[in-house]
Amino acid sequence: MKKIVIFASGSGSSAENIIANFNGKTSIKVEKLYCNNQKAFVLERIKKYNINTMIFNNSDLETGKVLEDLIKVRPELIVLAGFLRKIPKAIIDEFKNKIINIHPALLPKYGGQGMFGLNVHQKVIDNKDFHSGFTIHYVNENYDEGNVIFQKKIEVKSSSAEELSKKVLAQEHKYYPTIINSLLND
């Protein structure tokens with residue numbers, strides 16, 4: 001059985017989607033959730049799945065406490081799902097090409113620090129882009145600059161960032177577990 005861990009900071013719909021998708025499967029197990037926000041709704045969402053959880057503060061991420069725990073768990077893949085902190089170089093080096101992220105835009109457009117959630121979708125609307133979508137990519141030392149694994153283009157017919165966000169998120173939920181599965185089983 002291949003182990004994955006999930007990093008999340010917020011509401012956790014993507015994290016829950018991944019957990020639900022692999023719950024009870026024999027080939028992939030969500031071993032642990034890492035969260036840097038003790039008030040994040042993701043912690044409530046996942047209670048019914050009995051997933052081990054590590055709640056940490058940002059200094060734990062920087063000083064190596066999270067890395068030490070990851071080394072004990074030894075996941076085959078680290079999945080970022082709405083995690084809003086930069087992954088330290090030490091973790092990236094230890095888990096080279098084993099950390100992936102999903103970003104709600106077609107990178108390289110609308111990537112980088114501060115570009116998440118409605119911020120991204122509002123830029124798409126403001127710039128009157130015809131297409132948006134999402135990108136699944138490997139994580140490197142820079143925000144949203146790792147090698148692209150998969151992109152899904154979505155036609156922008158929405159008049160608001162909120163509407164566009166819902167359309168993109170629905171597609172993220174559809175494809176993220178599939179890509180995780182293919183990375184681990186191909």
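Every number here is computed from the coordinates shown, using simple stated rules; none is lab data. Since we're looking at a predicted model, the values are computed, not measured. Cβ: placed from backbone, ideal geometry, glycine included. Neighbour counts: every protein chain shown.
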- Residue list for the range 36-83, filter: of a type in the set (Phe, Trp, Tyr) and within 18 Å of the chain's Cα centre (by Cα): PHE41, PHE56, PHE83
- Note on the structure: Going through the range 3-39 in order, the residues found to be touching a Lys or Arg at 6+ places or on another chain (Cβ under 7 Å), of a type outside the set (A, V, I, L, M, F, W, C), farther than 20 Å from ILE87 by Cβ and not in a helix (DSSP H, G or I) are SER27, LYS29
- Task: Filter the range 15-29 for residues that are buried (at least 17 other Cβ atoms within 10 Å of the Cβ), touching a residue at least 60 places away in the same chain (Cβ under 8 Å) and either more than 19 Å from ASN181 (Cα to Cα) or in contact with a strand residue (DSSP E or B) (Cβ under 7 Å, 6 or more places away or on another chain) (or both) and give the result.
- Result: ALA15, ILE18, PHE22, ILE28
- Note on the structure: By residue number, the members of the range 30-75 that are touching a strand residue (DSSP E or B) at 6+ places or on another chain (Cβ under 8 Å), farther than 16 Å from SER9 by Cα and either buried (at least 17 other Cβ atoms within 10 Å of the Cβ) or free of Cβ contacts under 8 Å to residues at least 12 places away in the same chain (or both) are VAL30, GLU31, LEU70, PRO75
- Note on the structure: Taking the range 94-127 and keeping residues in contact with a Phe, Trp or Tyr (Cβ under 6 Å, 6 or more places away or on another chain), in a helix (DSSP H, G or I) and surrounded by fewer than 22 Cβ atoms within 10 Å (Cβ to Cβ) leaves LYS123
